[in-house]
Structure formats: structure tokens, C-alpha cells
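Below is one structure, written out as C-alpha cells; the observations come after it.
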Amino acid sequence: MTGDRDAKKKSKKKKRGGSKRKMTVEQAVAFRSVSEWVFLDSQSPSSSLSEWVDDFGVQKSAGRRVVFELHCHSKFSDGYLSPSKLVERAHANGVKVLALTDHDTLSGIPEALEAARKFGIKIIPGVEISTIFNSRGESSVEEPVHILAYYSSCGPTRLEELEKVLSNIRDGRFLRAKSMVTKLNKLKLPLKWEHVARIAGKDVAPGRLHVARALVEAGHVENLKQAFARYLFDGGPAYAIGSEPPAEETVRLISETGGVAVLAHPWALKNPVPIIESLKDAGLHGVEVYRSDGKLAAYSDLADAYGLLKIGGSDYHGRGGHSESDLGSVNLPVLALHEFLTVARPIWCGAIKDMLQSYANEPSDANLTRITRFAKIRVPKGNLPPSQGEDLIERCLSSWLTVDERRNAEFEDIRSRFLNTSIKQASAEVILEKN
């Protein structure tokens with residue numbers, strides 16, 4: 001009897017990740033590079049970490065693990081938790097890098113950053129943008145496509161341009177949700193718009209999940225899954241479209257504003273191949289391939305075929321229940337993380353450099369705000385001493401760029417211009433804190 005129990009335990013252990021083995025040289029190099037970026041604010045962890053991986057190339061260690069969560073939502077879109085509670089839960093689950101990717105808004109990022117300071121978590125400012133893909137050819141079919149955008153610590157360049165697009169989408173979400181309520185009423189399912197708006201919260205653009213929650217609360221369906229399966233699925237009897245921009249244009253906009261563009265949950269698409277092909281031509285960087293239940297081979301093969309990054313995230317909303325993947329539950333191989341950062345870091349570095357360059361050329365309030373919009377930095381009235389201007393640069397960048405990246409010729413030129421210029425500002429008190 002004892003032998004049977006032991007055999008079952010071994011079998012379960014094997015399913016969870018298999019045997020533990022020494023990292024290959026390639027994995028070890030990748031792990032040290034990823035760790036260097038993750039722990040820029042602290043002493044290098046490499047000497048205190050055991051370099052082991054499981055059968056899937058996921059780093060395992062008795063020391064500090066490098067857990068990335070690259071897809072989650074807060075109350076600022078259709079999540080249940082505030083950004084601070086989301087960060088707190090991520091910390092409890094061992095997450096070291098968290099990308100908050102609310103639908104069509106960056107509004108939750110400042111709160112997430114503030115909370116992350118308490119727990120030593122690095123926040124990647126992100127957003128999941130709702131778009132529409134129109135297939136080419138005789139039978140043109142529209143399909144909703146979501147694109148994840150990942151930005152640097154300074155956020156998007158040309159924020160006003162991106163925010164205008166996001167604002168239009170959010171306005172369309174209000175009209176879309178109202179249309180869904182109207183369709184549900186015509187289906188003899190009484191539902192009030194005020195009910196949906198109350199669930200969404202003040203100033204939050206409602207989505208299908210908010211309508212689904214209203215259906216559950218009204219007693220029309222037993223759970224969220226049933227609400228989507230019966231009424232709210234793509235093309236369903238209560239489905240409606242909003243004012244989503246074309247997917248290709250959105251990918252180009254993400255690239256032009258210093259972001260990394262990744263196709264979200266491709267398994268939800270009806271025709272993923274032409275979509276991936278078209279978006280790759282527009283500048284798509286990657287595809288979600290990993291979920292909490294493992295790697296999806298079909299989409300991994302597609303990513304390989306088109307030379308795209310392979311990442312993933314839990315898509316956590318905080319609704320609870322056993323069916324939802326928790327924060328940090330997606331095991332991303334260390335090589336996949338390294339490839340992601342290898343592509344992302346030069347893009348982010350270039351975006352930060354451009355924003356600092358604009359500020360050095362024209363040291364205005366507007367340009368300073370573009371650099372510090374996600375940091376707790378307020379600038380004093382009058383002149384900002386040049387030395388404090390240099391300190392501002394260091395504080396903005398020290399947790400995001402390595403010493404070598406910060407000390408290249410272009411950043412040195414910007415730094416010297418700060419030292420030789422008296423910068424006038426017109427705001428209040430200054431507080432310089434690391435991200």
C-alpha cells in the first residue's frame with residue numbers, strides 16, 4: 001500500500017516538471033542575463049542561485065526565482081482587484097516582474113508602480129489593445145484581435161497619439177456594452193445599463209465581462225462561462241463591436257511609440273494563420289504561446305515559422321474559482337525570457353533616449369512629464385539645478401537600464417547637456433524615488 005502511494009507521488013512529481021538537471025551553457029548565460037535586468041536595484045543574485053532547470057527549461061532554484069507575469073488585468077478595465085492588490089498577490093506568488101495589461105488603458109500603471117516599490121517587483125507598463133482584423137480577399141471577414149503592448153519605465157513615446165487611439169476605443173466600449181444590453185433585452189433577458197455601469201465602476205469602460213457579471217447577478221445564467229457560451233461569444237446573439245482600430249495599424253503604432261507588440265491568446269482566433277502573417281508584416285514582435293497548462297505546440301510552431309517571440313501570461317482577472325489561472329502560474333522557459341528581453345531592451349532603451357533627448361533639447365514641463373509620468377517625481381518651482389537634473393536621469397533609469405546601457409555615448413551626451421544647462425520648471429516639490 002505504501003509502495004503504491006510512493007509511486008503515485010513520483011508520478012505526480014514527474015507531471016509537474018519532471019527531473020531536475022543542470023542548466024546548459026546557453027540556459028545559464030540566458031538566466032544570468034535575465035537576472036541582471038530583473039535585479040538591477042539589488043546586488044547580483046547569480047552567486048546565490050542554484051542553476052537548475054526542469055525538463056521544460058524552466059529555472060528552478062532554492063534561492064530567488066525569476067518569475068515573470070506578462071498578462072493580467074485590474075479594476076481599471078475588467079479585473080476584480082485594484083492594481084495595488086494585484087501587485088500584492090503577485091508578490092505572494094513569487095512574481096518578480098509584472099506587466100499590468102489592462103484593456104485599452106494605462107491608467108492603473110502609477111498605482112501598480114507605487115505598490116511595487118514596497119515589494120521589490122519590477123513593473124512593465126503594458127496595455128492590451130482591442131483591434132479588428134479584416135481578412136483580405138473576396139470573403140472579407142472581420143475578427144476581433146487583441147494586441148499586447150509592453151513599454152519601458154518611461155512609458156510610450158508620443159503618448160498623446162496612443163492615448164487618443166485608446167480613448168476612442170474606450171468610448172466605443174461604452175456604446176458596445178449598451179448595444180449588448182439592448183440585444184439581451186430583445187432576447188427577453190431584462191438587464192439595465194445602470195447595472196452594468198455599476199459593476200464596471202466609475203470612469204471604467206465596460207467590457208463583455210462586466211455584461212456577463214450583470215447576467216449572473218440578474219439570475220439569467222449560472223456563471224460567467226455560461227454567459228459567454230450562450231450570448232456573448234464572438235458573433236453570438238448579444239455580441240456587438242465597438243470602435244476598434246485595424247490590427248495592423250495598431251501594431252505599427254505600438255512599434256512607433258517604443259513598444260513591443262505581442263498577439264494575445266491566438267487560440268481564441270478563428271483564422272490565426274493569416275492574422276499572424278499580416279501582423280508580422282506590420283511589425284509584430286511575438287505571440288502568446290505559453291499558458292498555465294503548458295506550451296501550445298501549434299502556436300509555438302507558428303511563432304517559429306514567422307520568426308516571432310514566444311511568451312505567455314496568466315490573463316489573470318481575479319474572478320476566483322479553480323478555472324482561472326493565478327498570477328505567476330505560467331512557467332516561461334529562461335530562454336524565452338532572454339529572447340523577449342533581447343528584443344525588448346534595445347527598443348525600450350531607444351524610447352527612453354528619445355524622451356530624454358527631447359527634454360534636453362526643450363526642458364519644458366510637458367517633456368519632463370513624458371519622462372516621469374509613471375514615477376513619483378515632482379519638480380520644484382524655479383530652476384532645477386543641473387546636478388539634480390542628472391540625478392533625475394539616474395533615478396529614472398537605474399532600475400531599467402544596465403550601467404553599460406546608461407553610459408553609452410548618446411546618454412553621456414544628454415547627461416553633459418543637463419550639467420551645462422539651467423533648467424526651468426513650474427511645478428511643486430520634488431521627490432525622487434526609484435521605480
- Of Ala92, Ala112, Ala99, Ala149, which residue is closer than 26 Å to Thr257 by Cα, without any contact (Cβ under 8 Å) to a residue 60 or more places away in the chain and small (Gly, Ala, Ser)? Ala112
- Reported set for the range 103-154 where residues are part of a loop (DSSP other than H, G, I, E, B) and either aromatic (Phe, Trp, Tyr) or not assigned by the TED database to the domain that holds Asp315 (or both) is Tyr151
- Inside the range 126-169, the number of residues satisfying the requirement of being of a type in the set (A, V, I, L, M, F, W, C) and surrounded by fewer than 16 Cβ atoms within 10 Å (Cβ to Cβ) is 1
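Using the structure shown, decide if Leu209 is modelled with pLDDT of 95 or more and either farther than 18 Å from Glu128 by Cβ or part of a helix (DSSP H, G or I) (or both).
On the way: modelled with pLDDT of 95 or more: no; either farther than 18 Å from Glu128 by Cβ or part of a helix (DSSP H, G or I) (or both): yes.
Here the answer is no, as Leu209 does not meet what is asked.
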- Query: Here are Leu356, Leu341, Leu335: which of them is in contact (Cβ under 8 Å) with a residue 24 or more places away in the chain and either touching a His at 6+ places or on another chain (Cβ under 8 Å) or more than 18 Å from Gly259 (Cα to Cα) (or both)?
  - Reply: Leu335
- Task: Return a yes/no flag: does the range 180-196 have any residue that is of a type outside the set (Gly, Ala, Ser), modelled with pLDDT of 90 or more, open to solvent by less than 50 Å² (accessible area, probe 1.4 Å) and not in a helix (DSSP H, G or I).
- Result: yes
- Task: Report yes if some residue within the range 340-362 is part of a loop (DSSP other than H, G, I, E, B), in contact with a strand residue (DSSP E or B) (Cβ under 6 Å, 6 or more places away or on another chain) and outside the structural domain of Ala177 (by the TED database); otherwise report no.
- Result: no
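If I ask for residues that are more than 25 Å from Glu163 (Cβ to Cβ), over 14 Å from the mean Cα position of the chain (by Cα) and surrounded by 19 or more Cβ atoms within 10 Å (Cβ to Cβ), which ones from the range 90-112 would you list?
Residue satisfying the conditions is His91 alone.
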- Report, by residue number, each residue of the range 230-274 that is touching a Phe, Trp or Tyr at 6+ places or on another chain (Cβ under 8 Å) and among the β-branched types (Val, Ile, Thr). Thr257, Val260, Val262
- Query: Does the range 75-83 contain at least one residue that is assigned by the TED database to the domain that holds Glu324, open to solvent by 20 Å² or more (accessible area, probe 1.4 Å), of a type in the set (Asp, Glu) and outside any strand (DSSP E or B)?
  - Reply: no
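With a cut-off of at least 2 residues that are open to solvent by 60 Å² or more (accessible area, probe 1.4 Å) and not hydroxyl-bearing (Ser, Thr, Tyr), name the helices (runs of 4 or more DSSP H) lying wholly within the range 223-312.
Result: 247-256, 272-282, 297-305.
The values are calculated or read from the model by the stated rules, or taken from the named source; none is laboratory data. Owing to the predicted nature of the structure, the values given are computational and were not obtained by experimental measurement. When we count neighbours, we look across all protein chains shown, and the Cβ atoms used for this are built from the backbone with ideal geometry, even at glycine. What goes into the accessible areas is simple: the full protein's heavy atoms, side chains included, and nothing from ligands, DNA or RNA. Shrake-Rupley method; radii C 1.70, N 1.55, O 1.52, S 1.80 Å.
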